[in-house]
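A single structure is presented below for examination.
Nothing in this text is a laboratory measurement; each read-out follows from the coordinates by a stated rule. Bear in mind the structure is a predicted one, so any value in this text is a computation, not a measurement. With ideal geometry, Cβ positions are generated from the backbone for all residues, glycine too; neighbour counts draw on all protein chains shown.
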Amino acid sequence: MPCLQTLITSCLLALTLGLAGCGGGGSSSSTPLNVSPGVYSGTVDGGQWLTVLLPDTVATNWYSLHYPTNNADLYSGKFSGVGSSAPSAATGELVYFPSNAKPLHSGSGSMSAPTSTSISTNVNILQSGADPGKNVSASLNALTTTSQLADLQGTWTGEISHGNIAVIPNKDIVFSINGNSGSAADFNFTSCAISNVTFTPSSQINVFNVSLQLAALGGCQFSEANPDVFTFTMTGIAVITSSPKTLYFLAIKTSGPKKGQGFSFKSTSFQ
């Protein structure tokens, strides 16, 4: 019976290694990993890509900044199913605000988690007017951040991207601590006046929730009508990274015909 003994031995070895069932053509598969809330970073088309992903209990739970140059493109929207293995966003749930004076775009997307510390994001941006759409794929790794108010306090100098071809360089924003939140002194860029800036540490991940008031003066591109002054609230997210210590924040309009328009700040120095 040597042939039978050899067959039994081969089957036992295959089962031990998890390669196959004896004579059955079986296979093994791993359980897909869940996509976790967090801050992720990588490189897309030669430029930095930074994503903040919040639990899907938050109305706007996906924010991304892409720096094809020093001028940031701004993405925001809603991914359903964060905490599962395949979050997705239906068409119209994502908004893309280019940095080169182009119109707003809507889009859709999907995510997966190749590892427990990374995500892969695929975004389909639709055409807007004569401006073509595009597909973007981003492979991103988890980034360590802080939401300690002590790390926020001080003067940050950096650049503001605001949907125009040119950034606003060497902008100082001064933060102080007020109880359980941080606040910034009023500042402005072009004809947009910013006030009531509040940074509150998130209870979910190491980021700050952002709220501010923007007064759109005569030449501010965020105005939706033609009065001399049009004031509204913008909300968003802020991240502080280390090595080097850098502040990123963005604020967007969450309603109205220009929903998804906004501006962002990236520091170049801190004191």
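If you take semi-axes √(5λ) of the Cα gyration tensor in Å from the coordinates, which of (i) 35, 22, 16; (ii) 45, 21, 15; (iii) 32, 23, 18 do you get?
(ii)
With the contact rule set at Cα under 8 Å and sequence spacing of 6 or more, what percent relative contact order holds for the chain?
Computed over the chain, the figure is 13 percent.
Can you compute the modelled spin-label distance between Asn100 and Ser137, with each label point 7 Å from Cα toward Cβ, in nm?
So the label points at Asn100 and Ser137 sit 2.2 nm apart.
Under Stokes-Einstein, with the Kirkwood radius over Cα pairs standing in for Rh, what whole-number D in µm²/s applies to the stretch 38-142 at 25 °C and 0.890 mPa s? Could you put the intermediate results ahead of the total?
On the way: Rh = 13.7 Å.
In µm²/s, the coefficient rounds to 179.
Taking R0 as 25 Å, what FRET efficiency do you get between Thr31 and Ser203 from their Cβ-Cβ distance, rounded to the nearest 0.05? Write out the running numbers ahead of the final one.
Working: r = 29 Å, r/R0 = 1.15.
Efficiency, rounded to the nearest 0.05: 0.30.
Quick check for you: which residues of the stretch 82-101 have the amide N under 18 Å from the point 7 Å beyond the Cα of Ala166 toward its beta carbon?
Under cut-off, by backbone N: 99-101.
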